[in-house]
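Accompanying notes for the structure given below.
Every read-out reported here was derived from the displayed coordinates using simple, explicitly stated rules and does not represent laboratory data. Predicted model only: the values in this text are computed from it and were never measured. Cβ placement follows ideal geometry from the backbone for every residue including glycine, while neighbour counts extend to all protein chains displayed.
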């Protein structure tokens, strides 16, 4: 099993290299630094000197892949690729357009992101699974049908609506909690984004879990459990839930590391100083270094999630653990 | 008048052609028709299909583009047949915000009255309710009622032979349309936005954008996912390794970030080559097509993984082994045995993806990496209206209209998708 | 006094369509009642009805089930739960799927103990170990902590039985308990069930399609057809004097050695779909003794004596001594002639030392650490127009062998010579697969299916010639010509298998590899397919390589037999030699494990344990660890081939010693 995990870790390396090359191609080959400079400076102020100056400022004044003017290892290291892309492997993300260290920014913004995303994730999971179990317990009754219909309606509503509507309702009509902002990160700042985040996911997630439960409940071992004389609740909670954990984990564990990245929409609407709003701001300001850094960080965390998923399998599935 | 075929139009026509070919093909094969009959038996599916086809109709009318001849040259403005049909809506722009069915602007303005005094009043609208001396609830009610009655009559005429649920849907839809048409002639049914454009017109125009995002994307997704997924599953070995590597790399980047990065780069390209486009519409359109391309590039991996898994299962089926023992070529096995047997997965995935893509468009446009800001879409409508949330009293109608139309579209798409899945998924019990 | 009384049980869909249509029977304590019938006749639904465990959409519509004086259908669900797993327990067909994969075996049994015996903690654990040991699981104390996937199929079924016994049931419902198991394991499990019954005195409802299992286990039998019991009798009565034409046909359809030179009495057609026959006898359309009354009037249940009866118009006037059918005449004429020794020149296929190994990869770098020797040096030859059967239990490598011959799996080593040439032309060899539902592409018409091979191998000059050929093929396999425009889902299992045979024949092969072609079919349909294969062989001078686990089919169809064990052939010879005078202890055990319907006393050789993993075969003779007559030498050296007679070869030290002994005596 350890060998298996080590193999997964080793397998992650070429994927990260792939992501790195992809971002490099996207940011420096599709459009050359000259193009970016032209765009950033605005059409009117473009002069060759201005472009050179901009490139020098941002550290884009080097060849892309091979520096024929440098000597020895410098041929490879004194390039944009080495400084801007390869350096991300050691989590050195460089500086944003406003001159701040991206790594430092990421470190300080992870906290607020997590403060919103983690409760949303945990409460959400609990809600969705319970709702799905409820529908499964009452399957093929009016309650189940109504539940599914509710899910379909809820998942047909835009996520933007939940945020705008929720914000309006709670903060404006009822004056309960601040409409946005993070302040000291206290409960009153966190509660609204979390509730809205949970409600936003109810439709699709509960329905998905219900499908999983229903698939499990049709299996032969469930019939065996019933033939033992177990009550329907016992069957559902001890037998079905344990087995359904395996497909549920596939979709759930992988996002845990990504919680650090926060949610783009929620954070920007509620003014949470997390990584999500950082990303949005960078997109709006067309700050390529930050977007690049976030892309790399995102895939790093995703791969961490994949490995975590594998580990979680070994915990719930004896077939993986013992063979 | 010069017909204009934008890139997205061409792709829509391509899709339409593909649908017609598929339709014709399915008509001739009883076993292909069978699951569709099951879809047809579902009242929910047929009702949602009815709603969807109205949306598609508007979208298609909005896809036939042309430029008007203007003393020798052509106008730089690209119009569509829908624009022509909805000309009053398009041209009747007010000064700024007005509430639905209002006859006056939403905010007081200083005007000079006949006596030359400066007074703060709600100025009357140029078009909305211009036939009335003053606001009249009675006129609105009368017009709504006559429109609705005409609609109901037309609906009864159209739907009297249909099954009950469908007939009811037809009548309700017809009543709604009749009411709206009758009111829209003299009112702004859903109000006007900041620059005085009719919100109903904007909402209807947004439909095309949503539909294109939801469907044209599949033109990218489908071939990639199908060929790579099936090839990976069937050939295994290094082919599988390479394809798996590619899709793991792509799917490991959070999709919003990948889309954001790609759209930003596309924006740079578009901005640095302004000479590529002869009209603003074609520039916005190209951005839309690119957005579909990027969405397709980021969303094929899920379907690809699904198809790979299914192909791995299928290749062990005995009929494939029988074909192999005849020495049938791999290409032929793929095209005759594997692809026909994964088509239901593709169809289910595509109809299920549609609503997700429509919703994604709104979010992306809001984030600033969606469609061109000049293109009318649900996302840009919401983005524009959101800023007015803080106003007292609130300007709610543009938001409500965008969300309402989007909900109707996505809900009916979801319901239809569910029915398709129920009819095509062999794992579901059909007793 | 009966323990279980079922009266006029009707179970069906909510729409009123009856799956089980008014069946009645009784079981006394200590008695085994078998419900016998082909697939789709409603026997499993009957069992689930008794347990009140019907799937969604199916319900008990009417009738009465009384267990020990308690009417089960009147109980509230809460009390019924006390009966389920308590006084009435059930075991299922697929032990692999019926156990919860993520719970330990012990936990699953303790659940029952806690619920019905009120045991918990160490006491429950101790009882659980006792139960497991009681069903013959070695190292029970250690096995309680294992998960189902760590146990073999036979072990899992033992665990299921232990779980059922945990509640000390008075009635055990066993739904096809051995169908998924190999024949040697089946014999173990049936023995266990009999022993358990003897020691606990519980009643048993055995549900099966296998006449052999009924013959060995049941005291009384109910024969089910299309939702009804058509005949009920004691085992002795039923096997000596089957009354209903359906029962008689079931017996006649069984393949056996004595019937080699005659076609089997197949029942034409297949079981009617649910609710399709509302009037008359449900068997009438397939019955060769039906007359007009059978189609017009539903036959009533005719009680012949206590607990015995039949549902057939033939016996309407039984009181007058009328239609009682005379005893079944023994048809067993030993017609088998010794086979001529294979003339090497007449061989269509010669295989020498064929090997198929699959690498086992392990560790970080996925290095090859071993080989699964699925086929490990197999040599065989098939004569033109003859049938060679490969017999073995699941996992012995027989299917891999077939696929390797067709190059569907690349062989690791060895030589295959077909008709004098090294293997090449595909048309000369074709395969008929096991599962008629998986072997036809559901998206292709029959004509397209049949044409595919022809066009790939350029058989037939043009499309018209191919179409004519297809018509001829359909005639040959007994399907209408119009069938070619239809899709596979419109055909029954037996018809699909005919299409699959036609597909293979389309390219006029000399050799057909049949991989368990009848194991997914009911006995009556199996007889149709076997008859077809036999007549095709005579007509076209085909050779068959017949891969099967069913020894009765081998005896009926094959000229020569190879017995495989762990990738190697342990015994080879003419069918008579191998079936009547098995020389290898494994073959002897295999033959003795097959349940028989004739009641002659037989010695059952019990095999210990399960088939070892082919990744790690035992040293010396592979069979040594399970062999009843193992000697020291067996554990050290793999035995060489020993000629028992000119047409009979065996790999066994025991035989070589006895043969050597004989030569020494000479």
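Could you work out the pair-distance distribution P(r) of chain B from its alpha-carbon pairs, with 20 angstrom bin width and percents rounded to whole numbers? Using 20 Å bins, I get a P(r) of 21, 50, 24, 4, 0 for chain B.
Taking other C-beta atoms within 10 Å as the exposure proxy, B:152, B:189 rank B:152, B:189 from fewest upward.
Could you grab the Rg to Rh ratio for the range B:103-250? Cα atoms only, Kirkwood for Rh. Before the final figure, lay out the partial values.
Numbers: Rg = 26.9 Å, Rh = 20.6 Å.
So for the range B:103-250, dividing Rg by the Kirkwood Rh gives 1.30.
The range A:19-70 and the range C:83-109 have Cα centres spaced 68 Å apart. Take every DSSP beta bridge whose two residues both sit in the range C:462-574; close to 55 percent of them are antiparallel.
Within 10 Å of each Cβ of A:291-303, how many other protein chain Cβ atoms are there on average?
Working: counts 6, 2, 0, 6, 7, 2, 2, 7, 9, 2, 2, 5, 3.
Across A:291-303, the average partner-chain Cβ count within 10 Å equals 4.
Counting only the Cα atoms, the range A:2-90 fills a convex hull of 109 Å³ per residue.
A simple spin-label model places the labels of residue C:53 and residue B:24 5.5 nm from each other, with each point 7 Å out along Cα-to-Cβ. Relative to the current alpha-carbon distance between residue B:36 and residue B:156, full extension at 0.36 nm per residue lengthens the span by 40.6 nm. Scaling the Cα radius of gyration of the range A:232-323 by the globular reference 2.2 N^0.38 Å produces a ratio of 1.48.
Take each residue of peptide C:450-457, count the partner chain Cβ atoms within 10 Å of its Cβ, and average: the result is 4. In terms of its alpha-carbon gyration tensor, the protein assembly as shown comes out prolate; a/c meets the 1.5 threshold, and the first ratio a/b outweighs b/c. The mean number of partner chain beta-carbon atoms within 10 angstrom of a residue's beta-carbon across peptide B:261-273 is 6.
Using a/c under 1.5 as the rounded threshold, could you call chain A rounded, prolate or oblate? The axes a ≥ b ≥ c are square roots of the C-alpha gyration tensor eigenvalues, and prolate needs a/b larger than b/c, oblate otherwise. Please report the intermediate quantities before stating the final value.
On the way: a/c = 3.01, a/b = 1.64, b/c = 1.83.
Because a/c hits 1.5 or more and a/b fails to exceed b/c, chain A counts as oblate.
Over all directions, average the projected area of the Cα convex hull of the range C:88-168 and note it in nm².
Details: hull surface 18.5 nm².
Directional mean of the projected Cα hull area for the range C:88-168 stands at 4.6 nm².
Between the alpha-carbon centers of the range B:282-356 and the range B:367-398, tell me the distance in whole angstrom. If you average the Cα positions of each part, the centres end up 37 Å apart. By the beta-carbon count within 10 Å of each Cβ, the least crowded to most crowded order of C:244, B:65, B:25, fewest first, is B:25, B:65, C:244.
Most tightly packed first, judged by the mean number of other beta-carbon atoms within 10 Å of their residues, the peptides B:314-320, C:268-274 read B:314-320, C:268-274. Shape of chain C from its Cα gyration tensor (a ≥ b ≥ c, root eigenvalues): rounded if a/c is under 1.5, otherwise prolate when a/b > b/c, or oblate? Note, shape of chain C comes out oblate. Note on residue B:331 and residue B:280: the model spin-label points, each 7 Å out from Cα along the C-beta direction, lie 4.9 nm apart. Per the Debye formula on identical point scatterers at the alpha carbon atoms of the range C:439-590, with no solvent, log10 I(q)/I(0) at q = 0.14 Å⁻¹ is -0.74.
Averaging Cα coordinates gives a centre for the range C:536-567 and one for the range B:89-168; these two points are 86 Å apart.
Using the number of other C-beta atoms within 10 angstrom as an exposure proxy, rank C:565, B:122, B:106, B:138 with the fewest first.
Details: C:565 26, B:122 16, B:106 19, B:138 9.
The fewest-first ordering by Cβ neighbours comes to B:138, B:122, B:106, C:565.
You can think of it this way: the chain between residue C:316 and residue C:540 has 76.0 nm of extra reach, that is 0.36 nm per residue less the Cα-Cα gap. When you count the other C-beta atoms within 10 angstrom of each residue and take the mean per peptide, C:98-107, C:59-68, B:200-209, A:89-98 line up highest first as B:200-209, C:98-107, C:59-68, A:89-98.
Summarised in one figure, the compactness ratio Rg/Rh of the range C:217-314, Cα atoms and Kirkwood Rh, is 0.98.
Computed over the Cα atoms of the range A:75-164, what is the convex hull's projected area averaged over all directions, in nm²?
Mean projected area for the range A:75-164: 10.2 nm², to one decimal.
Cα convex hull, the range C:433-511: 88 Å³ per residue, rounded to a whole number.
Can you pull the percent of Cα pairs in the range C:96-245 with separation above 22 Å? Display every interim value, and only then the final one.
Details: 5016 of 11175 pairs.
That tail contains 45 percent of the Cα-Cα pairs.
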